[in-house]
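The values are calculated or read from the model by the stated rules, or taken from the named source; none is laboratory data. These numbers were taken from a predicted model, which means no experiment stands behind them. Here the Cβ positions follow ideal geometry from the backbone for every residue, glycine too, while neighbour counts run over all protein chains shown. What goes into the accessible areas is simple: the full protein's heavy atoms, side chains included, and nothing from ligands, DNA or RNA. Shrake-Rupley method; radii C 1.70, N 1.55, O 1.52, S 1.80 Å.
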Amino acid sequence: MIEKRRSPISGWGVFATQPIPKNKRIVDYAGEKITNRESLRREKRYLKKGHIWCFKLNRLYVRDAAVGGNIARYINHKCEPNCYTQVIGDTIWIRAARNIKKGEELSYDYSTDGEGSIRCKCKPGCKTIF
């Protein structure tokens, strides 16, 4: 249903290999479950390379896709995404926000609340910082 390949947004991306219907669960965001405190320590290192791999599960825990992650870690941020995230217990689902066409790159709004920042690359001239 999805594959990793070079992205016009940034680095690697994830693309639909077939049409995906609205609200379909596409993939879970896998990674090591760590504490928020450990996440802050690791994020400093990741941000130096321009990446965000940590995804908050709740106020106590985070999934770090740099350790034990899957293809979902390559889904890029976009200010007007075609996917959304849903946290159910310890699982983070990436779901289709609308019908997605074959060949279309998947994206979701990272909605970060950490201390670091990365400039958005979703389109030329985007002023968003996340």
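Quick one: length gained pulling residue 59 to residue 102 fully straight, 0.36 nm per residue minus the C-alpha distance? Present the calculation step by step, with values, prior to reporting the outcome.
Working: separation 43, 0.36 × 43 = 15.48 nm, distance 3.60 nm.
Full extension from residue 59 to residue 102 adds 11.9 nm.
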For this session: Give a residue-ordered list of calculated ³J(HN,Hα) values for the stretch 9-26 (Karplus: 6.51 cos²θ - 1.76 cosθ + 1.60, θ = phi - 60°; whole Hz; x for Gly, Pro).
Result: 6, 5, x, 8, x, 10, 10, 6, 9, 7, x, 10, x, 3, 6, 5, 6, 9
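Pull up the DSSP beta bridges for the chain and report the antiparallel fraction as a percent, rounded to 5.
Values: 24 of 26 bridges.
Roughly 90 percent of the beta bridges in the chain run antiparallel, per DSSP.
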For this session: Run the accessible area of the chain with a 1.4 Å probe and give the carbon-and-sulfur part as a rounded percent.
Result: 48 percent
Problem set entry | Contour excess over end-to-end distance, with Cα ends at residue 22 and residue 5 and 0.36 nm allotted per residue | 3.9 nm
Problem set entry | Net length gained if the chain between residue 119 and residue 38 were fully extended (0.36 nm per residue, minus Cα distance) | 26.8 nm
Problem set entry | Acute angle (nearest 10 degrees) that the helix 36-48 long axis makes with the longest principal axis of the chain, alpha-carbon atoms | 70 degrees
Exercise. Sequence-distant or interchain residues sharing an amide H contact under 5 Å with residue 27, placed H: which?
Worked result: 94
For this session: State which entries of 33/127; 56/101; 4/33; 22/48; 49/101; 48/102 exceed 26 angstrom in Cα-Cα distance in the structure shown.
Result: 33/127; 56/101; 22/48; 49/101; 48/102
Seminar exercise, completed: Ranking 46, 110, 84 from most to least accessible area with a 1.4 Å probe gives 84, 110, 46
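Return the Rg/Rh ratio of the stretch 32-130 with Cα-based radii and a Kirkwood Rh.
Working: Rg = 13.6 Å, Rh = 14.3 Å.
Ratio of gyration radius to Kirkwood radius for the stretch 32-130: 0.95.
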Seminar exercise, completed: Given unit charges at Cβ for Lys, Arg (+) and Asp, Glu (-), the dipole magnitude of the chain about its Cα centre in debye, nearest 20, is 280 debye
